[in-house]
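This report refers to the structure that appears directly beneath it.
The values are calculated or read from the model by the stated rules, or taken from the named source; none is laboratory data. Note that the coordinates shown come from a computational prediction; the quantities given were computed from them, not determined experimentally. In this analysis, Cβ positions are derived from the backbone assuming ideal geometry, glycine residues included, and neighbour counts consider all displayed protein chains. What goes into the accessible areas is simple: the full protein's heavy atoms, side chains included, and nothing from ligands, DNA or RNA. Shrake-Rupley method; radii C 1.70, N 1.55, O 1.52, S 1.80 Å.
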Amino acid sequence: MVRALMIIRKYWVQVSPVVGTPPILVLSYKNHAIDEFLVDLVTAEPHLGRKPDMIRIGGGTSLDQRLWNFSERNLGRQDWEVGKLRQHVHWLHDLSTSCKALSQKSSSFSGYQVDMFKAAFPSENEKDAEKRRRKCAYEATDQLLATLVRYRRMLEAFEQDSDEDDYKMPDDTTILNDLDFIREEAGHMQRSHYHSHRRREALEDIPNLREGIEHYIELGHTHLDDPGEILLLFLRGWRPLPLCNYSYGYVSCSDLAFDHEAPLCANHRCGWELEDWSRCQHPVIPGRQGCKDHACGVLECPQKKLAEQDFCSWHACFVCLKEGARALEATDDPPRNACEKHALCWQCDELALPGRDACAEHDFIMCEAKVNGEPCRNRAASSLRPFCKDHMHLSQRRWGFSWGWSPAAPVLEESDGEERADVEENRKCIGQNHKGKPCQSKARPGSRYCDVHAPSEQTLEEMREAVSKDQVAVEPPPKQSFYAAEDIEDAEFASAGSEGSENPPNMDEDGKYDNQDEVEEADHLQHLREVYDFAEWSGESSSEDEAKEEENFQDQAEDAATKDTKQWTWDMSFQERWEACQMFMSQQRDTLSIVIGKVKDQSWLYRKKLHDAEVRASARVYEDKSIIGGTIVGCISRLEAIRSTRPFAVVVEEASEVLEPLLFSCFCDSTVKLEMIGDHLQLQPSIMQKFAFERVNNVNISMFERLITAPNDHKAPSSVLSVQRRMRKDVCDLTREYYAEITSIEDHETCWTKKIPGSIASGSFYKGREVPGVASHIYLWTHSGSQGKAEVGLSKINRQEADMAVWLAYYLVDCGVPKPSIVILTPYKGQLMLMRKQLLSDQSQSWLLSHNPSDADQIRLSTVDRFQGDEGDVVIASLVVDEHSRTPFVKLQNRMIVLLSRARLGMYILGNTGYFENSRPEKHWQRTFEILQDGMLTLFVAAFNRESAS
């Protein structure tokens, strides 16, 4: 028919050139059917493949590879206009996706505040917790730095486009081209990847922060010149120390101050603690370790003087201290540290008698020894030791031991101050920079951190107060002396709360919260409050409410000012810093929303341009083509392009399956010829879940069937094919009589020459004419298996019948039937999936079904409805139903005709005949069983006669 239409088209164009070159539109309901039709057409008309003069629309992955040179994708894929527009649409989609991803990521920035100072989990040690907190700090810093650079570049893009022409609005396309860097950033959201000049530009957005640490950089902390390091310290709540303002005459100091309260360095600040555990803030006396209020009056003494005294405990007169007077300087070391006013006994530590050099105990006692018969004139040691120091050895004669006298003197241990000074001098900071590398700066005296990584007590206190608002408790550092400052610094990332604590930080011993307003409300109460808009009664007057609203408005105005990163300073509290960062993130999200809106508008515009370009490209592809072939759905999706070619003829194959509205939509105003090919006794068009609609309105009746069955005065011209070329005679007998009223079907001579392919079947006695291993061409294999429900969905299964069908397929393959020649059909998809699962689970080498659908060496499984229009050498039919089934689905005559007319050489039916015997009898199935029984009886008689003759 199509070949005849091609001849008509050829002469029509010659006679009337004004008609152009109208194509012939060949359509079908299924891809496989149209592919087989077009392959046969190309085989019969080889000249179609020379230009090529035919195009196959659609197809996708199911396209027959023999038609690849004619495919729409192959012929139209090189259109430069479509390719360029499609690339731009993809670019807009990627840009929009990237903006949404960055906006979503910035909305979770506040979570870093809790994670950076969160206590260790019960199953986590402190080392791992510190590592986790440090990682969160680095991620927060990278995200903040990336946002600074990104926001700066976005503003530059908007300002640059607005400056190009003051009298013309900037083109959104130009703006979006300048914002293409957002796509690159979205692919590297884990770490900030910028060139060095981009990172340096970020310093211009935080001038106050950069200016506040310039003296650090001048002192050798060059790593602080990096914006990432600055932002890391900013998020941690760190404050830079000022320079030491110590000056004494012409002497000045250029070191960093010890803390913010007293702008003095560790060498020039009095380090003594006061009674309230605070440190003295006064400068030291030159060459001394204390201020004028704490340094001992003795120049060489490093000790702290006593309260309300001028000297330390070493150099203050202890006698004056006992008397409560202001102590004078001692003339000797302890324990004989007494002033000149209070002389001590020369033999003991007691006060000497007035005007004497000994106490009452040691005064006027002469030595009892005699020298040359004369009494010794020297003074004795004491009444207990009545000898002088020259004759003390005589005491051994009297009492049997020596008194061993020696002057009392304080024994002072040698100080290791010089050794400790060397250790302090060479100690390095144990902190880490924002890249996770150890800091190599010099540590502060008495500390394990340098000036950059050592937070002050005020900073730690602000961090604890801010984090406690988010229910993250930070344990306050214990009061330490000046030399234990490193313990305070180590508490920067200390665990929150006590690990052994059973109650939350804000719960007392009785298990009650000290602030009931902070107790979280139950979910169902919150839901009721939101639904019914319940509000708690407030005793405040309307004027008070207005005052609060005015205060809130002022607070919002102040918060808006903190969005500008140029206003960030080191004087901001810990909570203010994080609030400013979150506001800045919100500002960036607003800008990204503007970009997304522009992308959305551009996407709509370019999608329309792409559609128009595709229509023009398709029209160019369809131009000068003799044949345009495809499915009904493929044609409808390309109506504009196909109609532009003005096809003069439409040929529809398998027309009985096509809904009439779909077919009507494929007509053009240039269509002058409609040819439909089909079988109205086979399956009708199906509408899912619309059975009542089908019965009332007959929508499921195709145009083909309606015209064939119309009254004589309304019938359309038609012709019937009376010769079939598919099935052998006994297989065709199963459905032959249903067409008796239309025509008498005859078998073509090719039906007697069909053979089973393969070397095994060809080498058998019948040379492939018979199915190897089975004596009959048609066979009914009955069983007593029951029907069940599928695991998924509402479909039906029959496990016994599935096993029979699978093992029959294995048997046929073992007998020599090639796998592609076997087809297993079933009315239910559940049964199909069950058999597919059994075949795919086969672990042997003789697998029949492959996981790859494009593999040619495998059997075919399909439902009856989807296999209409197709055929196979050997068909195994699984009916699934049993004697208890009442569904009319299998009994439908159209479905039975399709099922019984798919086989070429062998038809084997598996079923439980109780379904047809116990339910309302169906004439068409009863007739089918009679034919099957007669065929089996004839086969038995022939086999018996053959055995008797032998």
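Across segment 112-121, rounded Karplus estimates of 3J(HN,Hα) from the backbone phi angles (6.51 cos²θ - 1.76 cosθ + 1.60, θ = phi - 60°) give 5, 4, 6, 5, 5, 10, 7, 5, 5, 6 Hz, Gly and Pro being marked x. A simple rule links phi to the HN-Hα coupling: the Karplus curve 6.51 cos²θ - 1.76 cosθ + 1.60 with θ = phi - 60°, which for segment 924-931 gives 5, 6, 4, 5, 5, 5, 5, 5 Hz, with x for Gly and Pro. Taking the accessible area of segment 5-74, probe 1.4 Å, and keeping the other protein chains in place, the carbon and sulfur fraction comes to 56%.
On segment 726-811, 57 percent of the accessible area sits on carbon and sulfur atoms, based on a 1.4 Å probe.
Cβ-Cβ distance of Glu308 and Val114, R₀ of 51 Å, FRET efficiency by 1/(1 + (r/R0)^6): the value works out to about 0.55. Along segment 316-329 the Karplus relation, 6.51 cos²θ - 1.76 cosθ + 1.60 evaluated at θ = phi - 60°, assigns HN-Hα couplings of 8, 5, 6, 5, 5, 5, 5, 7, x, 9, 6, 6, 8, 6 Hz to successive residues, with x for each Gly and Pro.
How much length would be gained if the chain were fully extended between Lys673 and Thr782, taking 0.36 nm per residue of separation minus their Cα-Cα distance, in nm to one decimal?
On the way: separation 109, 0.36 × 109 = 39.24 nm, distance 4.94 nm.
Extra length available between Lys673 and Thr782 comes to 34.3 nm.
Using 19 Å as the cut-off for backbone N distance, which residues of segment 710-724 belong to the label zone defined by a point 7 Å from the Cα of Ala44 along Cα→Cβ? Hits in segment 710-724 for Ala44 at 19 Å: 718-724.
So if each residue of separation counts as 0.36 nm, and I subtract the Cα-Cα distance between Glu218 and Glu156, what length gain in nm does that give? Mind dumping the intermediate values first?
Values: separation 62, 0.36 × 62 = 22.32 nm, distance 3.20 nm.
My answer for the length gained is 19.1 nm.
Among the GluC sites (Glu not before Pro) within segment 58-135, those in coil by DSSP and having at most 16 neighbouring Cβ atoms inside 10 Å are Glu124.
Based on the mean of other beta carbon atoms within 10 Å per residue, what is the order of 702-712, 641-651, most packed first? Before the final figure, lay out the partial values.
Details: 702-712: 16.2, 641-651: 20.7.
In decreasing order of mean packing, 702-712, 641-651 become 641-651, 702-712.
Would you please give the FRET efficiency between Ser854 and Asn245, computed as 1/(1 + (r/R0)^6) with r the Cβ-Cβ distance and R0 = 60 Å, to the nearest 0.05? About 0.15, to the nearest 0.05.
Taking amide H atoms as placed 1.01 Å from N in the peptide plane, the amide H of Gly297 lies under 5 Å from those of Phe311, Cys312, each 5 or more residues away in sequence or on another chain.
Ligands, DNA and RNA are left out, and with a 1.4 angstrom probe the accessible area of segment 772-904 is 45 Å² per residue.
Scanning residues 5 or more positions from Gly431 or on other chains, those with amide H under 5 Å from its amide H are Cys439, Cys450, with H placed 1.01 Å from N in the peptide plane. Fully extending the segment from Tyr811 to Thr743 would add 20.6 nm, taking 0.36 nm per residue of separation and subtracting the current Cα-Cα distance.
Label sites at Lys437 and Lys292, each approximated as a point 7 angstrom past Cα along Cα to Cβ, lie 4.9 nm apart.
If R0 is 35 Å, the Cβ-Cβ spacing of Ile8 and Gln933 corresponds to a FRET efficiency of close to 0.10.
When only Cα pairs below 8 angstrom with a gap of at least 6 residues are kept, segment 706-792 shows a relative contact order of 21 percent. Residues whose amide H falls under 5 Å from that of Leu344, counting only those 5 or more places apart or on a different chain, are Ala352, with hydrogens built in the peptide plane. Choose one of Gly816, His777, Thr753: the residue whose Cα lies farthest towards the positive end of the charge dipole of segment 723-830 (beta-carbon charges +1 Lys, Arg; -1 Asp, Glu; about the Cα centre). Most positive-ward Cα: Gly816. Rounded to the nearest 10 Å², what accessible area does Thr222 show when all protein chains are kept and the probe is 1.4 Å? Approximately 100 Å² for this residue. Applying the criteria of a DSSP loop state and at most 11 other Cβ atoms within 10 Å to the trypsin sites (Lys or Arg not before Pro) of segment 735-800 yields Lys767.
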